[in-house]
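The values are calculated or read from the model by the stated rules, or taken from the named source; none is laboratory data. Computed from a prediction, not measured in an experiment: that's the story for all the values here. Heads up, the Cβs are rebuilt from the backbone with ideal geometry, glycines too, and the neighbour counts pull from every protein chain shown. Surface accessibility is based on the protein's heavy atoms, side chains included, excluding ligands, DNA and RNA. Shrake-Rupley method; radii C 1.70, N 1.55, O 1.52, S 1.80 Å.
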Amino acid sequence: MTTRPGPHARLTGGLLLWYGVLGGAVAWGVHVFAAWGLDELACAAGSERVAAVPLWQAVGLAVVIPALFTVGSLLVAALVWRRTRRAGEDDRAFGRSRMLAVVGVWSNLLFLAIIVLGGVAVLVLPPCQG
Amino acid sequence: MSTTTTPPPGVSAQDLARLAEHWAERPSLRGWFSTVDHKRIGRRYLVTAGFFFVLAGLSALVMRTQLARPEAGVVSPQEYNQLFSMHGTAMIFLFATPMLFGFGNFLVPLMIGSRDMAFPRLNAFGYWVFLFAGLFMWASLPFGAAPNNGWFAYAPLNQEQHNPGLHMDVYALGLLFLGISTTAASINFIVTALKLRAPGMSLNRVPLFVWAIVATAFMVIFALPALNADNLMLFLDRRFGTHFFDPSAGGNVLLWQHLFWIFGHPDVYIIVMPALGIVSAVLPAFTRRGVVGYPLIVLSIVSISIISFGVWVHHMFATGLPQLSYSFFSAASTIITIPSGIQIFAWLATMLLGRLVLRVPLLFVIGFVVTFVLGGFTGAMFAVTAFDQQVTDSYFVVAHFHYVLIGGAVFPMLAGIYYWLPKITGRMYHERLGRWAFWLVFAGMHVTFFPMHLYGLFGMPRRVYTYRSEPGWDGWNLVSTLGSYLLAVGLLLVLVGVVHAVRRGRPAPPDPWEGDSLEWSTASPPEPYNFPALPRVHSLHPAWDERTAESLGAGATADRILSDGRRTLVTSELDAHPERAVQMPESTLKPLVLAGALLIFFTSMLLAWYPAAAVAALAVVATIAVWLWPPRRPDEELGVTG
Amino acid sequence: MSDRGGVVAAATGAEALSTELPVGRSAGWWGMVMFVATEATLFACLLGSYFYLRFQYGPTWPPAGIEAPKLLTPLVMTAVLVPSSLPVVWAERGIRQGQRWRLQSGLAATMVLGVTFLALQASEYAEKLTQFTMTTDAYGSLFYLITGFHGLHVMVGLTMIGWLLAASLRGGSFGSHRHERVRNAAMYWHFVDLVWVAILFTIYLSPRL
Ligand code: HEM
C-alpha cells in the first residue's frame, strides 16, 4: 500500500467512512419506520399476517436486516479506527477520520442496542395486543 | 505561500486601515437598520430575546400572584388562559431558541475564525423576522386576543367552533412567521460551519459549541416542518373550513398531536443542546483544561440529535397503539439517556481533573448540573407508566419541565452571558453583584419549583386559574409564589449587572479568562472584520496553541489578511483546506423591507384583509427578485462564448 | 494493483478512508441543499398526514360520494413535468461552457412545460371542484392542500426560471465562471419534479392499491 489510491479507491474509501459513521443511524431509521408501520397497519386491518408471512416474522425481518446492516457499519468504523492509528498531530485528514471513526463505533453500538431491544420486544410481545 | 516574494509577513498598518475602510459601518440611522454584521445582529438577538423573556416572566409573576392564595381574583379565567399560553409559547419559541441563536450568531464566526456568517443578509433578514413575529404575537395580548390553548394547542380545543376569536389564529400565523426566521438561521449556521472554518480547522478541531449549534440547526431543518404543516392545517381549518382535525368529516384530532410532537420532542433538545454547548465552551476556561472526552461529546451531540426524532410517541400514552409498535419507540427513549449521561459525566470529570476557578460563570454551570440532574431524575420517573398516568397534567409535570428548561437552558445562558460579556461589550462585569445574582436565582428557582412536585403529587392540576383551599396546597403555593419573586429579584440583578458593566465596567482585555477558543484571540469587542488576519488552526484549543497565535501575528500572510475588499476565506468541508477568498455583501436595507412585507402579509391574513395580503405577497416576491438580481458584468469576466 | 484484492486494499487503506468527501461545494449549493431538505420534510409531513387520515378513516377511501381520482390527466401532467427537468440540465451544461443560447432556450423550454403543467392542473381543478371542494370533507381538504401546495411550488420554481431567463436576456449575468444561480434554481426545479412523483403515487395511485 505504498502507492497512492486512485480516484476510484478514494471515492469508495470516502463512502465507506460515512457508512461507518452513519450506517447505524440510517438502519435505525429504516427499522423504526418499517417495524412500526407494518405492525400498526396490519393490526389496524385486523390481521396477523402480511401477505403469507406471519406478522411477527415480517416485523422480525424489519429488525434483523437493519441490525445486520448496523453490525457491518460497526465493523467498518472499527476498521477505519485501526487503519488511521498513525494519525499524527499534523495529519489532519487522518485525525479527522479517526475522530469520526470513534463517533461511528459508539453510535453504531447505541443504535444496535436500540434495534436489539426492539427485537426482544418482537419475541416477547404478541404483535397486536393493545 | 512561503516561497513567493510578497512583502514581509504580518499585518501592516496599511492592511488595518484598508480592512477598517471595507468593513466599518458609519454610525447612522440608516446604518443601524441596514447592518449585516453578525456581531450586531447577534447582540440584537440577545437583547430582543431577553426582552421577550421579561414579558413572559412578568406573565408568570402575574400567574403566581393569582395562585398565591386560594380563590384569589387577580385575573379572570380567560385572562389566565392567555397568560399561561403566552408564557409557555413565548418562553419556548421567542426566548429560548432565539437567545441561543443569538449566542450562535455572535460566536460561531468568531470561534471558527471567519469574518462573518455565510449569508450575512439572510442573517439580518432572520433577525427582523424574529423581531416582527415576536411583536406580532405579543401585540395580541393587550387586545385580549392572545393564544389561550396552552403552548401545544391541542385539537379539538384549537378549533373555531370550540375556540372562537383570533386567539389561535395568532398562534398559527405567529409560529409560521417565526418559523421562517428559525429555518433561515439554521441553514446559515450549517453552511457557515461547513464552509467558513479557518484553514486547518478540520472536523476534529471544531469547538463543541459549534458542533452543538450545527446539530441543533439540523434538528430544526427536519423538525420544524412538522410544526409548520400542523399550523398551516390549523389555520385552514379555522379560517377556510377544511376538516383536517374534524372527526365529523373524516379528520382526526390526533393528527395535530402527532405532528406537534414529531416537532416537539426534538424541540426539547433544540432548546437544551446549544445550552449544553455553552457549558462545554465555558468549562475549559475555569478548569484550566480541555473538556474530557471530546469525541464522546461529539458522539453524544450527534446521536441525541438523531435519536430525538424517534421518541415522539412517548407523549401519546392514552392512544391505544399496539404495545409492540410502542416498544420500538420506548427502546429509543431508553437509549437516548446514555448520550445525555455521557455529557454530564464528561463535565464532572473535567471539573474533577481540572483546577477550578470559581467565578460567576462556573457557579452557573454548577447550578446547571444540579438542577438539570434533578430534572432528569423526575423525567426518569415518568418512564414508569403507572406513575406517569398518576401525575399527568398535574403540577408535578410543571415542576419537572421547569427544572429541565431553567436548569438546562437558562442557567447555561446566564453562565454564557457572564462569560462572554467582556467579549460582547468590551467591559468586565462586577463579580460580587454576579455572585448575589447567582445565589438569588438559584435559591429562587428551587423555592419556586420544588414545592410544585409536592402539590402536584397531592393532586393539584396544572392550568387552573384558581383552587379551593385544600390541605397541602395552600401553604406550598404561597411558598412557590414567594420563590418566584425571589427568582425575579435575582434575574433583575443579572440585568443590573449587565447595565452596570456596559456603563461603568472596567475595560476588558482581549482574553480575560485565558479561554481556549478563537474568539479570545480577537479584540474585546472584536473589530468589524473580527480578525486582522484569519488564523491557521493547529489544534483543538487554538487560543492555547502557540503556532495558531503565531499565524495571527508575525506569521500572517496576505492570503489570510485579504485586506483588498470585504473578503473572507472559504475552506473545504471536512478538513478546511483553503479553497478561495470570497466577496462578502455590503450592508443593505432589503432584509428589513422583506421582513416588513412579510409582517404586512401575516397581519393582513390575521385580520382577513385578503387583498392586502395578496399585495404584500407580491411585494415579497419583488423584493426577493431585486435582492438577488445579478450585477452586470463584462462578458470576458463571465466567460461567455456564444 | 490490478487484482481484486489490491483494489479492496487500496479502498480500505488509511489514505482512501480519509478522502475528503464531500468537498469543494460552494456555500450557495449547501444553502440550497438545506432549503430543499427542509421543504422535502414539509411535503413528507403532508403526505404522511394523508396516509394517517386515510388509515384512520376506514375501508372506503375516498369517502363515500367522491370517486377515486381518474388517472388520465395526472399521467399527462407527469409526462409534462418530469421531462421538464431535462432542458434545465441541458441549459446548465451549456452555460458551464459559456453558451448563453443554450441557457436561454433550455430555460424557455422548461417555462413552457411548467406553464402547461399548471394549465392542466387548473383544468383538473375545474372538473373536480364540481364534485367536491376543500370543505367537503377531510379527503377534499387533503387533496386540495397537497396538490395546491405543490402547484404553488411549481409557480415559485417558474418564477425562479423566469427570473434567470430575464437576467440572462439582459446580458452580463451568467457565463462559464458564473453559473451558481442556474445550478441552484435547477436543483429546486428537480426537487419540485420529484415531489410531484410522490404526490402522483400518494393521491392518484395509492387509492387504487
Ligand atoms: C422565570 C421564572 C418562571 C416562572 C415563575 C414560571 C412559572 C410558570 C407557571 C406557574 C406555569 C404553570 C401555569 C399553569 O399550568 O397554570 C408555567 C408554565 C410553563 N412554563 Fe414557566 N415559569 C418560568 C420560566 C419558564 C421558562 C424559562 C420556560 C422555558 C424556557 C418556561 C416554560 C413554560 C412552559 C412551556 C409552560 C407550560 C405552559 C402551558 O401549560 O401551556 N417557564 N410557568
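With a cut-off of 18 Å, note down the residues of the stretch B:173-199 whose backbone N falls inside the zone around a label point 7 Å from the Cα of B:HIS577 toward its beta carbon.
Backbone N within reach: B:194-199.
Starting from the Cα-Cα distance between B:ARG26 and B:ARG463, subtract it from 0.36 nm times their residue separation and give me the gain in nm to one decimal. Don't skip to the end; give the middle numbers.
Details: separation 437, 0.36 × 437 = 157.32 nm, distance 5.03 nm.
Here the segment from B:ARG26 to B:ARG463 would lengthen by 152.3 nm.
Please give the helix C:72-81 orientation as an angle from the longest Cα principal axis of chain C, in degrees from 0 to 90, rounded to the nearest 10.
Roughly 20 degrees between the two axes.
Under the rule of at least 5 residues apart or a separate chain, name every residue whose amide H is placed under 5 Å from the amide H of B:ARG427.
B:ALA508
Sorting B:LYS590, C:LYS128 by accessible area (1.4 Å probe), largest first, what list results? Mind showing how you got there, number by number?
On the way: B:LYS590 75, C:LYS128 20 Å².
Listed by decreasing accessible area, they come as B:LYS590, C:LYS128.
Roughly how many Å² of B:MET605 are accessible to a 1.4 Å probe, to the nearest 10?
Looks like 30 Å² after rounding.
Which of the residues in the stretch A:55-86 lose at least 40 Å² of accessible area when you go from the chain alone to all protein chains together (probe 1.4 Å)?
Relative to the lone chain, where solvent access is computed with a 1.4 Å probe, the stretch A:55-86 loses at least 40 Å² at A:ARG83.
Please list the non-local residues whose amide H lies under 5 Å from the amide H of B:GLU579, H modeled 1.01 Å from N, same-chain partners needing a gap of 5 or more.
It is B:VAL570, B:THR571, B:SER572, by chain and number.
How big is the C-A contact in terms of buried accessible area, both chains counted, 1.4 Å probe, rounded to the nearest 100 Å²? Provide the component values of the computation, followed by the final result.
Working: alone 11540 and 8920 Å², together 18760 Å².
Counting protein atoms only, the buried area is about 1700 Å².
Please work out the average accessible area per residue across the protein assembly as shown, using the 1.4 Å probe convention, and give it in Å².
Values: 38090 Å² over 981 residues.
Counting only protein heavy atoms, the per-residue value for the protein assembly as shown is 39 Å².
For the pair C and B, how large is the buried accessible area, both sides, in square angstrom to the nearest 100, if the probe is 1.4 Å? Write out the running numbers ahead of the final one.
Working: alone 11540 and 26670 Å², together 33940 Å².
Buried: approximately 4300 Å² between B and C.
Extending each Cα 7 Å along its Cβ direction at B:ARG289 and B:TYR485, get the distance between those two points in nm, one decimal.
About 4.6 nm separates the two model spin labels.
Which value in deg cm²/dmol, rounded to the nearest 500, describes the helix-derived mean residue ellipticity at 222 nm for chain B, given -39,500 (n - 2.57) per DSSP H run of n ≥ 4 and division by the residue count?
Working: 23 runs with 401 residues, N = 642.
So the helix-based figure for chain B works out to -21000 deg cm²/dmol.
Once the piece of chain linking B:VAL496 and B:ASP511 is laid out straight, how much longer is it, given 0.36 nm per residue of separation minus the C-alpha distance between them?
Working: separation 15, 0.36 × 15 = 5.40 nm, distance 2.35 nm.
Stretched fully, the B:VAL496-B:ASP511 segment lengthens by 3.1 nm.
Explain nothing, just the number: relative contact order of the stretch B:464-590, from Cα pairs under 8 Å at least 6 residues apart, as a whole percent. Can you show the working numbers first?
Working: 95 pairs, mean separation 15.8, N = 127.
Relative contact order comes out at 12 percent.
Under 16 Å between alpha carbons, and skipping anything fewer than 8 positions from C:LYS70 in its own chain: which aspartates and glutamates qualify?
Partners found: C:GLU124, C:GLU127.
If you take the accessible area of A alone, add that of B alone, and subtract the area of the pair, what total do you get in Å², probe 1.4 Å, to the nearest 100? Show your work: numbers first, answer last.
Details: alone 8920 and 26670 Å², together 32410 Å².
That pair hides around 3200 Å² of surface in total.
Where the centre of each part is set by its Cα atoms, how far does the stretch B:370-440 sit from the stretch B:57-82, in angstrom?
That distance is 23 Å.
For B:GLU79, what accessible area in Å² do you get when you roll a 1.4 Å probe over the heavy atoms of the protein chains, rounding to the nearest 10?
The accessible area of B:GLU79 comes to roughly 90 Å².
Can you list the aspartates and glutamates whose alpha carbon is less than 14 Å from that of B:LYS423, not counting same-chain residues fewer than 8 positions off?
B:ASP511, B:GLU514, B:ASP516, B:GLU519, B:GLU527
Determine the relative contact order of chain C: mean sequence separation of Cα pairs under 8 Å and six or more apart, normalised by residue count, in whole percent.
Working: 163 pairs, mean separation 62.0, N = 209.
So the answer I get is 30 percent.
Just to be sure I understand: of the beta bridges DSSP finds with both ends in the protein assembly as shown, what percent are antiparallel, rounded to 5? Write down the numbers at each step before the final one.
Working: 11 of 11 bridges.
Restricted to the protein assembly as shown, the bridges split so that about 100 percent are antiparallel.
Probe radius 1.4 Å, ligands and nucleic acids left out: which of A:CYS128, C:CYS45 has the largest accessible area, and how do the rest follow? All intermediate terms of the calculation are to be shown ahead of the outcome.
Numbers: A:CYS128 45, C:CYS45 20 Å².
So the residues, ranked largest to smallest area, are A:CYS128, C:CYS45.
Nearest 0.05, what FRET efficiency do B:VAL253 and C:ALA198 give at R0 = 25 Å with Cβ-Cβ as r? Working shown, then result.
Working: r = 26 Å, r/R0 = 1.04.
After rounding, the FRET efficiency stands at 0.45.
Give me the percent of the accessible area of the stretch A:16-123 that comes from carbon and sulfur atoms, probe 1.4 Å, all protein chains in place. Before the final figure, lay out each step's value.
Working: 3640 of 4940 Å².
Carbon and sulfur together cover 74 percent of it.
Taking each residue of C:88-96 in turn, how many C-beta atoms of other protein chains fall within 10 Å of its C-beta, and what is the average? Please list the in-between numbers first.
Details: counts 0, 0, 0, 0, 0, 0, 2, 3, 1.
Averaged over the peptide's residues, the number is 1.
Where in the stretch B:598-632 does accessible area fall by at least 50 Å² between the isolated chain and the complete protein assembly, at a 1.4 Å probe radius?
By number: B:TRP629, B:PRO630, B:ARG632.
Taking 7 Å along the Cα-to-C-beta vector as the label spot, tell me the B:VAL384-B:LEU58 distance in nanometres, rounded to one decimal.
4.3 nm
Within the stretch B:513-642, what whole-number % of the accessible surface is contributed by carbon and sulfur, with the 1.4 Å probe and all protein chains included in the calculation? Provide the component values of the computation, followed by the final result.
Details: 3650 of 5580 Å².
Carbon plus sulfur share of accessible area: 65 percent.
The stretch B:600-628 to the stretch C:137-179: how many Å between their Cα centroids?
Here the answer is 17 Å between Cα centres.
Which order do the peptides C:196-204, B:363-371 take when ranked by the mean count of other beta-carbon atoms within 10 Å per residue, highest first? Each step should come with its number before you reach the end.
Numbers: C:196-204: 17.9, B:363-371: 21.6.
Ranking the peptides C:196-204, B:363-371 by packing returns B:363-371, C:196-204.
Taking the full set of protein chains and a 1.4 angstrom probe, give the accessible area of B:THR603 in square angstrom, rounded to the nearest 10.
50 Å²
Put B:HIS577, C:HIS150 in order of accessible area, largest first, 1.4 Å probe: what do you get?
Numbers: B:HIS577 80, C:HIS150 0 Å².
My answer, sorted largest first, is B:HIS577, C:HIS150.
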